Amino acid sequence: MSTPYPDPEITFGTIIVTFAVIRPFLRYLSKEDRTRFRSIAPLKGRRVRRYFTVLGILAALSHSPVALVYGFFFLILPGLLLMVSNTVLLYSILLLPFFLPWREARHRTMARAVSLTLVGAIGIGLPLLSRYSFRAAAQEQSRGDMDRWQPIAIRSIALTSTSGRQCDKTCQRLLYNGEVEEVVEYDKQSTNWSYLKYANRNPTGFVAYTIEHRPDCGVLSSSIPAVRARIATGECLAARRGEEYAPVDVAVKEVEDVWDDGFLLYRTRRTRITVTLGDGPKAAPAVSSTSFSSHVLAMPLFIWASDNSGLDIKPALARRRRIYNPLIYTAVLMQRLGFRLDPVSETVDTDAAVREMLAAPSSSTPAFDKAQLDLLGDYFRGIQKRPITPQDVDMVQQVIRDRRITAPLFYGLFYYHAQTLAPLLPDMLDRITVSSGLTERGMLSALSAGVAAMPAEALAPYAARLHRIVRDAALEPFPEYVVDTAGRPRLSTDLDKEKTKLAAIVPLFFPLGAVDPHGVELLESLLVNPVREIVTGAAEGLCTAGRERAAQTAPALRDVFLRYQTGRYPTDPAKAATLALVRFGRKDEALSLVEKYVERPDDFGKLWRLDADFPAKECKDLSLFRHDPDRAAARSGRQ
């Protein structure tokens, strides 16, 4: 309900003006009345002075952003008291004559009448005047609206762009549903009401969109799945840029203007949508409609806080948003021009399109474009939500084997269908073996996560192969030169080590210690790796292996904690190391390390509640490390 823009000057001025109106009326009191007020009720007079003094101090403090921030965010109640003080002070001044101990009845009656009149005029009258002013201004400026539209066949249309002349959802629906043949996008004009009075001035530059059938659509894509499928099958969204007038049948343009009227109206937004036949200086307007939105004074009038983001909170007159002639851009297209704007129809058989795409030989299709990869992603997201079929398994197998696909298209798929996709483990391991960490990192990460999601009994026959993949990746020399995004070689840095193959296949560490007899030794050797992500994964893999297999690695895990826990907050390697120590039955040792080396041990959260041999799946759940208020309260009590 508060105004989105602070007006502390108006707020403070309201109180001052109110007091200025009351003070001459108080001077009208006879000398005898003033003497009686001081003589027969001295205690009450002192209380009134104290009351207004305290309110005045609180109201003055409320104009300090620092006081409000501390009041709201640390104690809450003092902040509310500061904000309420402005309204209480305002109405206390208005009601002061009502409660004064007048001696004569005529003075008492007059004072109470004037006091109540002022309360009604300011509390109710001003908001009503604000609403009337807004409506009158909106009606006056809407007199130029017209509707002379006669239905015609529209093959091309110019629209006001709200996304940098991109073909947005409305544009795509018009084109791909066949309602028009061409859509021209212009920039939206704003804040200058006279710039396009009847939308007959052409903004500088436009982009004209049409649908063309091509074998390759390049980097084109869309946020609408049906459009992505059609782009992937060759229905490309072609764009033509220009600076001259675009010849169109109909132009629909939107102009915005914003102004302030200080007290009664605040931040009024005026939007005019105009439809013209053709486009150009001589285009005739057929439809013109104006919408207004403003923040008028709340009724009853009171003072609250501005809702600016950040710490700039100030007292402000409370306001409500009022709209005159609500107008929606798409409603003009549908109600005036007769467009349906239905969702784009799904005319493409996604399964057939994906099969055809994967069947294309690499000689004719050396790489897939963005739209085709998006289509594959839509397909895999779809099979996550339904029972998987043998045809789906074959499709996943083709994608795994296709070296043209390097994007992580099926993240999460193996978590939903691990048992069904377990027969694909040989293909997954083959692809991981031959893939490069620099160019196929996404695919490596997705496949490694998929392998880690498989049940232990399915992984057991491939334990030696898992060991070999991780060992070879660890022994793989780090290249002296790497290729940047522009295809130019450059000297590698320490940050590039996080992009190696070993870093990409970290999820393989989790099952390695549990299924491979020699996996514990390999994981322990990785605890000294310079990449933090690899150390974290190795510690989590040792934790998953359990006490029987990996209890002897406790000293190495302790060294990991001491090496990485150097700051105030727990780090991922330290978290993984302490989880492993607890699961190995060394909870006391882990807690002593936390108490000794961590400035905020309560941030290790639920670690305190875990016992030895807890479920292996929690070894990867670093969300266990959250602030534990119960533990913090217990420690405070002991201290």
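Listed here are the residues, each with its yes/no results for (1) part of a helix (DSSP H, G or I); (2) hydrophobic (A, V, I, L, M, F, W, C); (3) modelled with pLDDT under 85.
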site: 376; (1), (2), (3): yes, yes, no
site: 379; (1), (2), (3): yes, no, no
site: 383; (1), (2), (3): yes, yes, no
site: 396; (1), (2), (3): yes, yes, no
site: 405; (1), (2), (3): no, yes, no
site: 409; (1), (2), (3): no, yes, yes
site: 414; (1), (2), (3): yes, yes, no
site: 424; (1), (2), (3): yes, yes, no
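Yes or no: residue 174 assigned by TED's automatic domain parsing to the domain that holds residue 237 and either in a helix (DSSP H, G or I) or among the polar types (S, T, N, Q) (or both)? Spell out how you get there, then give the answer.
Working: assigned by TED's automatic domain parsing to the domain that holds residue 237: yes; either in a helix (DSSP H, G or I) or among the polar types (S, T, N, Q) (or both): yes.
The answer is yes for residue 174.
Where in the range 551-639 are there helices (runs of 4 or more DSSP H), lying fully within it, with 3 or more residues that are at pLDDT 75 or above and of a type in the set (A, V, I, L, M, F, W, C)?
Values: elements: 554-564, 572-583, 587-597, 629-638.
Result: 554-564, 572-583, 587-597.
Being exposed (fewer than 13 other Cβ atoms within 10 Å of the Cβ) and assigned to a helix (DSSP H, G or I) is the filter here; which residues of the range 100-119 pass it?
Answer for the range 100-119, where residues must be exposed (fewer than 13 other Cβ atoms within 10 Å of the Cβ) and assigned to a helix (DSSP H, G or I): 105, 106, 109, 113, 117.
With the checklist (1) surrounded by 15 or more Cβ atoms within 10 Å (Cβ to Cβ); (2) in contact with a helix residue (DSSP H, G or I) (Cβ under 9 Å, 6 or more places away or on another chain); (3) of a type in the set (Val, Ile, Thr) in hand, flag the one item residue 332 doesn't pass.
Condition not satisfied by residue 332: (2).
So residue 344 passes all but one of these: (1) part of a helix (DSSP H, G or I); (2) within 29 Å of the chain's Cα centre (by Cα); (3) touching a residue at least 24 places away in the same chain (Cβ under 8 Å). Which condition number does it fail?
Only one criterion in (1) part of a helix (DSSP H, G or I); (2) within 29 Å of the chain's Cα centre (by Cα); (3) touching a residue at least 24 places away in the same chain (Cβ under 8 Å) is unmet by residue 344, namely (1).
Only residues that are outside any strand (DSSP E or B) and surrounded by fewer than 22 Cβ atoms within 10 Å (Cβ to Cβ): list them for the range 247-300, please.
Within the range 247-300, 247, 249, 262, 263, 264, 278, 280, 281, 282, 298, 299, 300 meet the criteria.
Between a first residue in the range 447-463 that is farther than 21 Å from residue 405 by Cα and a second residue that is part of a loop (DSSP other than H, G, I, E, B), which pairs have beta carbons less than 6 Å apart while being 6 or more apart in sequence or on different chains?
Here the result reads 463/516, each pair linking the range 447-463 to a residue that is part of a loop (DSSP other than H, G, I, E, B).
Please list, ordered by first then second residue, the pairs with beta carbon atoms under 6 Å, 6 or more apart or interchain, first in the range 107-121 and farther than 17 Å from residue 302 by Cβ and in the same structural domain as residue 88 (by TED's automatic domain parsing), second modelled with pLDDT under 85 and part of a helix (DSSP H, G or I).
These pairs meet every condition: 111/97; 112/98; 115/97; 115/98.
Got a sec? Which of 337, 317, 375, 333 is over 29 Å from residue 235 (Cα atoms) and aliphatic (A, V, I, L, M)?
Within the list 337, 317, 375, 333, the selection yields 317.
The values are calculated or read from the model by the stated rules, or taken from the named source; none is laboratory data. The structure displayed is predicted, hence computed values, not measured ones. FYI the Cβ positions are ideal-geometry reconstructions off the backbone, even for glycines, and counts take in every protein chain you see.
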